[in-house]
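Colleague: Here you go, one structure.
The values are calculated or read from the model by the stated rules, or taken from the named source; none is laboratory data. Computed from a prediction, not measured in an experiment: that's the story for all the values here. Note that each Cβ is placed from the backbone with ideal geometry, even for glycine, and that neighbours are counted across all protein chains shown.
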Amino acid sequence: MLDFMISTLLKINKIDESIRNFARTIILNILKITMKNLFPTIILLLLSISAFAQIDPSPLPTKAIYVELGGAGLPYSFNYDFRFDPTKQEGWGMRVGLGGFTTTNESFFSAPIMLNRLYGKGIHFFEVGIGATFFAYDNNYQDYCISGYYDQNTGQYICQEFNRSSYSFILDVDGSPSVMGTMNFGYRRIPIDGGFTWKVNLNPIFNNNGFWPLYAGVGFGYAF
């Protein structure tokens, strides 16, 4: 009887040992497969994190919207400014805008277009540019006769000389629509992370009737 019990226990132990060995083999295989796939996954994850870290989370503000009093828009203008290279704040760019006003006797519309370049770094930039402002106007001032004579045959008054109302915006303007050449020399402050931006500039203007070097402008807006 004792021999039977001993032999039975030995068989059970052998079965348990076989089960443990089988389970150990399965677990080891699972770990091998997991580690085999996990290691490349970790490598790829680390490479992705490294690549993402090299991307600037705060792109430089190379665009701006602003209102300018005076300047290339003549009386005032709303403008959009951008750099041709969106990765750099300095360098060549362009501004386009619209402006105008209406009063009882006069209306005025302008559209400044300017090629410009920024020099500098950080938040301080020197700006130069050249462009043209297209504009149109209308006024209600009428021409009137200042000399003439009365024709007895026709019964009409014949005017020989008119006092023609002329229009000028600092410089004389021949007619409407017209164009004014513009230049820009000034300072622009652009926050590194974007936000409130401002500028002051000297804007010489010129057309076929002359050149005026002392026109200026100041602008306030948002850089992004």
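Colleague: Contact list please: Cβ distance under 6 Å, first residue in region 169-189 and in the same structural domain as GLY131 (by TED's automatic domain parsing), second residue charged (D, E, K, R), pairs at least six apart or on different chains.
Modeller: GLY186/GLU127; GLY186/LYS199; ARG188/GLU127; ARG188/LYS199
Colleague: Just to be sure, is TYR119 touching a residue at least 24 places away in the same chain (Cβ under 8 Å), under 19 Å from ASN203 (Cβ atoms) and surrounded by fewer than 17 Cβ atoms within 10 Å (Cβ to Cβ)? Step through it out loud before you land on a result.
Modeller: Working: touching a residue at least 24 places away in the same chain (Cβ under 8 Å): yes; under 19 Å from ASN203 (Cβ atoms): yes; surrounded by fewer than 17 Cβ atoms within 10 Å (Cβ to Cβ): yes.
Criteria met by TYR119.
Colleague: Residues that are aliphatic (A, V, I, L, M) and surrounded by 14 or more Cβ atoms within 10 Å (Cβ to Cβ): find the strands (runs of 3 or more DSSP E) completely inside region 177-224 holding 2 or more of those.
Modeller: On the way: elements: 178-189, 195-202, 205-207, 210-212, 216-223.
In region 177-224, 178-189, 195-202, 216-223 are the strands (runs of 3 or more DSSP E) which contain 2 or more residues that are aliphatic (A, V, I, L, M) and surrounded by 14 or more Cβ atoms within 10 Å (Cβ to Cβ).
Colleague: I would also like to ask the following. Being charged (D, E, K, R), closer than 25 Å to VAL173 by Cβ and out of contact with any helix residue (DSSP H, G or I) (no Cβ under 6 Å at 6 or more places or on another chain), is that true of even one residue in region 108-129?
Modeller: Quick first cut of region 108-129, residues charged (D, E, K, R) only: 117, 121, 127.
Filter once more, keeping what is closer than 25 Å to VAL173 by Cβ: none.
There is no residue in region 108-129 that is charged (D, E, K, R), closer than 25 Å to VAL173 by Cβ and out of contact with any helix residue (DSSP H, G or I) (no Cβ under 6 Å at 6 or more places or on another chain).
Colleague: A further question on this structure: Please report, ordered by residue number, the strands (runs of 3 or more DSSP E) entirely within region 13-125 with at least 3 residues that are touching a strand residue (DSSP E or B) at 6+ places or on another chain (Cβ under 6 Å), of a type in the set (S, T, N, Q) and modelled with pLDDT under 60.
Modeller: Details: elements: 63-70, 76-83, 91-102, 106-121.
Answer list for region 13-125: none.
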